[in-house]
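Just below is one structure, and these are the notes that go with it.
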Amino acid sequence: MHVPERAAADSAARELAAFLESRREQIAQRWADAPLFRTVFTVSRDEAVEACKAVVDALSEVASSGRLESVGAPGFGPVREQLGHMAASRSRSGFTPGQIADEAAGLRAVAVELLHGEAQGPPEREAPDVLLALTVLMGTLRLVLMETAVSAGEELIARQQLQLLEVATPVISLWDGIIGVPLIGTLDSARSQVVMESLLQAIVEQRARYAILDITGVPTVDSLVAQHLMKTVAAARLMGAECIVSGIRPAIAQTIVHLGIDLSSVLTRSSLADALAYALARQGIEVFRRADGASPR
């Protein structure tokens, strides 16, 4: 950019900053009725107006710095959290980052209308340059909001994945002092960490002496899965509980042998029933099947 052009752009940015500062109240009042703000701040319209004023102030600061095209401009810093709150709220309502960004683009029309109203006066010559600066600045705001919307969406997905992992790995109280974790599906690093944390927490809360990890529902066992199991068993021992791995099917047993995985330090049983019977016996409780086959009363 040539020096005269740079000077003209800086002048337009300063004009824009002054315009935003002088029309702060009018812009905020009209933006407060826009879907982007109205649907987020539902408790009070005044709350939406204050949020709009904060965004206008941020835009004015960015314009004053001359960094109209920079999403990293310091002026956006104070409102990024607020923009993130808005983006997250819209994301939870089913809006995509693109749709949220389009809502931000709709805010430009309000500022343009007010800018044209000011252009009726003597400084009419400067209006095209200021309008261009406003367009660039609102485009940058759109990018900032899209960026925060994507970030908010990723955080939401991460939280949901963690919640699904916790739901998929319940810790069940099988008997006084005996807990069990039925594992179903693939056991990866993230899920193994959730299993370990949930199991150790349950050992502490229930003062469990025996913990059963049932892998009947785990389709395959490789060296990584075996490593996760051994770490969980070791952690349970450190907490004072004996850990039993049950549900090892013949095919999985063959796979473990072929891979050369050493599970000699891990107590195993073929089924959950066998593991529970072992834990009960270790506590001096014997289970008998009635000869007549009748259910106990």
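The values are calculated or read from the model by the stated rules, or taken from the named source; none is laboratory data. Keep in mind that what you see is a predicted model, and the values were worked out from it rather than measured. Using ideal geometry, Cβ is built from the backbone for each residue, glycine included, and neighbour counts are taken over all protein chains shown.
Give just the number: which of (1) over 18 Å from PRO182 (Cα atoms); (2) in contact with a helix residue (DSSP H, G or I) (Cβ under 7 Å, 6 or more places away or on another chain); (3) not in a loop (DSSP other than H, G, I, E, B) does ARG237 not satisfy?
Every condition holds for ARG237 apart from (2).
Residue pairs, Cβ under 7 Å, 6 or more apart or interchain, first in the range 247-260 and in the same structural domain as ILE215 (by TED's automatic domain parsing) and farther than 18 Å from ILE212 by Cβ, second assigned to a helix (DSSP H, G or I) and of a type in the set (A, V, I, L, M, F, W, C). List them.
Listed by first residue and then by second, the contacts come to ILE256/ALA226.
Can you tell me which residue among ALA241, ALA226 is over 18 Å from LEU187 (Cα atoms), surrounded by 12 or more Cβ atoms within 10 Å (Cβ to Cβ) and not acidic (Asp, Glu)?
Just a single option satisfies the conditions, and that option is ALA241.
Taking the options ARG80, ARG90, ARG108, name whichever one is under 12 Å from LEU141 (Cα atoms) and touching a residue at least 40 places away in the same chain (Cβ under 8 Å).
ARG80
Residues that are within 30 Å of ASP188 (Cα to Cα) and either modelled with pLDDT of 70 or more or loosely packed, with under 15 Cβ neighbours inside 10 Å (or both): does the range 107-120 have at least one?
Checked the range 107-120: no residue is within 30 Å of ASP188 (Cα to Cα) and either modelled with pLDDT of 70 or more or loosely packed, with under 15 Cβ neighbours inside 10 Å (or both).
Answer yes or no as to whether ASP33 is outside any helix (DSSP H, G or I) and more than 18 Å from ALA149 (Cβ to Cβ).
It is true that ASP33 is outside any helix (DSSP H, G or I) and more than 18 Å from ALA149 (Cβ to Cβ).
Select, from THR216, THR232, THR268, the only residue that is under 38 Å from the mean Cα position of the chain (by Cα), assigned to a helix (DSSP H, G or I) and among the hydroxyl-bearing types (Ser, Thr, Tyr).
Every option except THR232 fails the conditions.
What number of residues in the range 164-185 are assigned to a strand (DSSP E or B) and either closer than 17 Å to ARG269 by Cβ or modelled with pLDDT under 80 (or both)?
Here the count works out to 9.
Among residues belonging to the range 90-106 that are in contact with a Leu (Cβ under 7 Å, 6 or more places away or on another chain) and hydrophobic (A, V, I, L, M, F, W, C), point out the one that is farthest from SER151 (Cα to Cα).
ALA104
I'd like the residue in the range 74-110 that is among the charged types (D, E, K, R) and out of contact with any Lys or Arg (no Cβ under 9 Å at 6 or more places or on another chain) and, out of all such residues, is nearest to LEU134 (Cα to Cα).
Taking the candidates together, the pick is ARG80.
Take ARG290 and tell me if it is closer than 27 Å to ALA158 by Cα, among the basic types (Lys, Arg) and not assigned by TED's automatic domain parsing to the domain that holds ALA158.
For ARG290, the condition - closer than 27 Å to ALA158 by Cα, among the basic types (Lys, Arg) and not assigned by TED's automatic domain parsing to the domain that holds ALA158 - is not met.
Considering only residues of the range 54-72 that are more than 25 Å from the chain's Cα centre (by Cα) and closer than 17 Å to MET146 by Cα, which is surrounded by the fewest Cβ atoms within 10 Å (Cβ to Cβ)?
GLU69
Does ALA101 meet the test of being modelled with pLDDT under 75 and crowded, with 18+ Cβ neighbours inside 10 Å?
no
Under the condition of being without any contact (Cβ under 8 Å) to a residue 40 or more places away in the chain and farther than 12 Å from THR232 by Cα, which residue from the range 204-213 is surrounded by the most Cβ atoms within 10 Å (Cβ to Cβ)?
Among those residues, the one meeting the criterion is ALA208.
Condition check ((1) touching a Lys or Arg at 6+ places or on another chain (Cβ under 9 Å); (2) part of a strand (DSSP E or B); (3) farther than 30 Å from ASP102 by Cβ) across all residues:
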position	(1), (2), (3)
VAL194	no, no, yes
GLN201	no, no, yes
GLU205	no, no, yes
VAL221	no, no, yes
ILE244	yes, yes, yes
ILE248	yes, no, yes
